[in-house]
Structures are given as structure tokens and as C-alpha cells.
1. So, Val282, is that one touching a strand residue (DSSP E or B) at 6+ places or on another chain (Cβ under 9 Å), closer than 19 Å to Leu235 by Cβ and open to solvent by less than 70 Å² (accessible area, probe 1.4 Å) or not?
2. Restricted to segment 128-149, and to residues that are under 14 Å from the mean Cα position of the chain (by Cα) and assigned to a loop (DSSP other than H, G, I, E, B), which residue is nearest to Asp54 (Cα to Cα)?
3. Being closer than 27 Å to Asn100 by Cβ and out of contact with any strand residue (DSSP E or B) (no Cβ under 6 Å at 6 or more places or on another chain) is true for just one of Leu269, Leu300. Which residue is that?
4. Right, Glu91: closer than 17 Å to Val43 by Cα, out of contact with any helix residue (DSSP H, G or I) (no Cβ under 6 Å at 6 or more places or on another chain) and among the acidic types (Asp, Glu) or not?
5. Within segment 216-263, take every residue that is over 27 Å from Asn187 (Cβ atoms), assigned to a loop (DSSP other than H, G, I, E, B) and in contact (Cβ under 8 Å) with a residue 24 or more places away in the chain and give me the one that is least open to solvent (accessible area, probe 1.4 Å).
6. With the checklist (1) surrounded by fewer than 19 Cβ atoms within 10 Å (Cβ to Cβ); (2) over 21 Å from the mean Cα position of the chain (by Cα) in hand, flag the one item Glu289 doesn't pass.
7. Here is a check on your reading of the model: is Ile266 under 18 Å from the mean Cα position of the chain (by Cα) and within 22 Å of Gly190 (Cβ to Cβ)?
8. Which of (1) touching a residue at least 12 places away in the same chain (Cβ under 8 Å); (2) buried (at least 16 other Cβ atoms within 10 Å of the Cβ) does Glu305 not meet, given it meets every other one?
Amino acid sequence: MKSVAKMKNLILFLVAILVMGSISSCSNDGNADNPKIKQVYYVNKAETGIVSQDYEIQSDITDTDAVINELLTQLETIPSKLEYEAPISGEVSLIGYTINEGLLTLNFEKRYNNLSTTKEILVRASLVRTFTQLDEVTSVAFLVDGLPLSDSKGSVIGTMTADTFIYNAGNEINTYEKVELMLYFANEDGTALQPVYREVVYNSNISMERLAVEQLLKGPNTDIAFATLNPDAKLNSITVRDGVCYVDFDTSFLTQPNNVTSEVAIYSLVNTLVNITEVNKVQISINGETNVTFMENMNLSTMFERNLDIVQ
């Protein structure tokens with residue numbers, strides 16, 4: 001059984017390399033001189049990687065729905081190059097989509113679950129890379145018959161950004177890396193923050209911001225600090241633009257099961273993220289909405305900056 005498990009892990013590792021390697025050889029997304037020219041990504045015929053082809057948008061580029069539908073049509077159409085496969089074909093049949101606050105959610109029929117592991121990863125890479133070129137799309141989520149897409153272990157895959165499928169040439173051997181994070185948890189009475197250092201081995205295709213928030217939600221692994229956030233909160237998306245980290249949770253984030261002040265809860269997240277390079281401020285939203293009150297006294301419409309006064 002162990003040899004079978006090792007073989008499955010090897011296959012997944014090789015698929016990841018193939019996806020990342022094929023992307024690295026493609027040209028940059030879009031065209032600076034003509035914003036209507038985008039890259040449409042396809043699966044190669046051998047199903048070993050993805051390839052791209054220039055396409056000029058015919059719709060009004062400011063009409064987001066029209067552009068998305070036009071790209072969907074291209075992704076469903078058999079490409080002129082016979083060595084390319086349309087990613088939305090065969091078992092991949094789209095029921096519909098929604099877009100809300102930069103999150104594009106694609107809902108597929110149940111047959112999507114029949115895809116092989118290799119083909120599914122390639123289809124996902126093709127669609128995410130195609131749509132995240134649009135300024136209005138910062139992340140993409142997959143549903144299958146209305147339910148979140150899960151991996152072979154039953155874990156929900158969640159939202160994906162352009163960074164999910166970025167490959168750095170020469171790093172294919174270092175798919176997993178080790179990093180030391182400084183996370184902020186609560187002190188014993190929940191009125192101040194306690195820094196905790198944690199070494200994490202992680203997949204280098206995951207952004208440091210997402211990694212930090214996921215570790216924060218897991219809570220401390222020491223008895224000198226205490227959890228600050230609801231571990232059941234779902235991280236919908238996380239992106240960084242111009243030094244601002246935009247973090248979107250589901251409504252579970254608003255339920256606070258821990259005995260901490262609202263400031264301790266919020267600044268545990270903010271201070272943790274601001275420790276990461278390029279992040280100066282944090283904007284928190286709930287299902288895309290920022291006009292929300294947390295624990296009755298903190299409005300999330302504020303862009304929060306580091307607060308060291310609350311650190312013990």
C-alpha cells in the first residue's frame with residue numbers, strides 16, 4: 001500500500017511540474033499595446049501541459065459579462081491547431097458562472113468529477129490562467145453541481161489566483177519549501193497579542209499571505225498563546241495589490257468563539273500579514289462586503305495598519 005501511495009504522490013508531483021513548466025514557456029499574458037488581446041489557454045493533445053494562443057476580444061472590453069462569455073466560447077471551441085484541446089469539452093460541461101467582487105465562480109456538471117487527476121489539473125490551470133488576465137477577475141473558484149471542488153483526499157480546493165499556477169524556472173525540484181512565520185495569537189486573558197514563531201513546510205505555489213492566514217486559523221501549537229480567530233472561518237480569497245492585502249472570509253469569521261477582544265482578533269490577522277514583504281495595510285471583507293461590523297464595535301470598511309501597541 002505504501003508503494004501505491006508513493007506512486008500517486010509521484011504522479012501528482014510530475015503533473016505539477018508539467019503544468020508549471022508549460023506555463024513558463026508561454027508568452028506573458030495579454031498585450032500592453034492592445035488590452036483586447038488576451039492569451040487563451042488550452043490543454044495540449046498529449047495532456048502533459050497547457051499551451052496558449054493569442055485572441056483578440058471582440059466585445060466591449062468594459063462589459064465584463066460579455067468578455068467572460070466570449071472567452072468561454074473560445075474555451076469551448078475546438079482550436080484551429082489540432083495539437084490543442086478545448087478545456088471545456090467532453091466531461092467538462094459548464095452549467096453557468098457568477099462574478100462577485102472579483103471572484104469568478106464556475107459551476108460544472110457532475111461529470112467533471114470523472115476527469116483523471118492529470119486532466120483535471122490541466123483544465124483548471126487553463127481556465128484560471130485565461131480568466132485572471134481580466135482586471136475584473138482576481139480569483140476563480142470551481143463548483144461541481146453547486147458544491148465546492150475537492151481534491152482526491154476530499155479537501156476543498158478553494159479559490160485560485162494567477163499565482164496558483166505560476167512556475168519559477170529552475171525551481172522544479174524545490175516544489176516544497178520551509179519557512180519560519182511569525183504569527184500573532186492572544187495572551188491568556190485575550191487582551192493583548194503574543195508573537196509565536198512557527199516553521200512550516202509548504203507548497204511553493206501557495207502565496208505566503210494565504211499560508212500565513214491558514215496557519216493563523218489553525219491556532220497556536222503552544223500553551224503560552226491562545227487562538228484569536230474562528231477556526232471554522234473559510235478563506236474565500238486573498239490578494240495583494242499596491243501594498244494592500246485584501247482578505248475575504250465567509251460569515252463564520254464574524255462568529256468569535258474565543259475569549260478575546262475585537263482588537264486582538266483583528267490585529268492578530270493584520271500584524272501577521274504586515275510581517276510579510278510588500279504588505280502595508282489589510283482590508284478585510286465578508287463574502288465581498290466591507291460594510292460589516294465585527295464583534296459589535298469594529299467596522300471592517302477600515303484599512304488596518306500594523307499595531308504594535310497591542311503586542312505583549
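1. On the way: touching a strand residue (DSSP E or B) at 6+ places or on another chain (Cβ under 9 Å): yes; closer than 19 Å to Leu235 by Cβ: yes; open to solvent by less than 70 Å² (accessible area, probe 1.4 Å): yes.
When the stated conditions are applied, Val282 passes them.
2. Of everything passing the filter in segment 128-149, Thr132 is nearest to Asp54 (Cα to Cα).
3. Working: Leu300 fails: out of contact with any strand residue (DSSP E or B) (no Cβ under 6 Å at 6 or more places or on another chain).
Unique residue meeting the criteria: Leu269.
4. On the way: closer than 17 Å to Val43 by Cα: yes; out of contact with any helix residue (DSSP H, G or I) (no Cβ under 6 Å at 6 or more places or on another chain): no; among the acidic types (Asp, Glu): yes.
For Glu91, the condition - closer than 17 Å to Val43 by Cα, out of contact with any helix residue (DSSP H, G or I) (no Cβ under 6 Å at 6 or more places or on another chain) and among the acidic types (Asp, Glu) - is not met.
5. So, considering only residues that are over 27 Å from Asn187 (Cβ atoms), assigned to a loop (DSSP other than H, G, I, E, B) and in contact (Cβ under 8 Å) with a residue 24 or more places away in the chain, the one least open to solvent (accessible area, probe 1.4 Å) is Gly243.
6. Failed condition: (2).
7. Numbers: under 18 Å from the mean Cα position of the chain (by Cα): no; within 22 Å of Gly190 (Cβ to Cβ): yes.
Spelling it out, it is not the case that Ile266 is under 18 Å from the mean Cα position of the chain (by Cα) and within 22 Å of Gly190 (Cβ to Cβ).
8. Of (1) touching a residue at least 12 places away in the same chain (Cβ under 8 Å); (2) buried (at least 16 other Cβ atoms within 10 Å of the Cβ), only one is false for Glu305: (2).
The values are calculated or read from the model by the stated rules, or taken from the named source; none is laboratory data. The structure presented is a predicted model; accordingly, all values stated were derived computationally and were not measured. We place every Cβ from the backbone using ideal geometry, glycine too, and count neighbours over all the protein chains shown. For accessibility, only protein heavy atoms count, side chains too; no ligands or nucleic acids. Shrake-Rupley method; radii C 1.70, N 1.55, O 1.52, S 1.80 Å.
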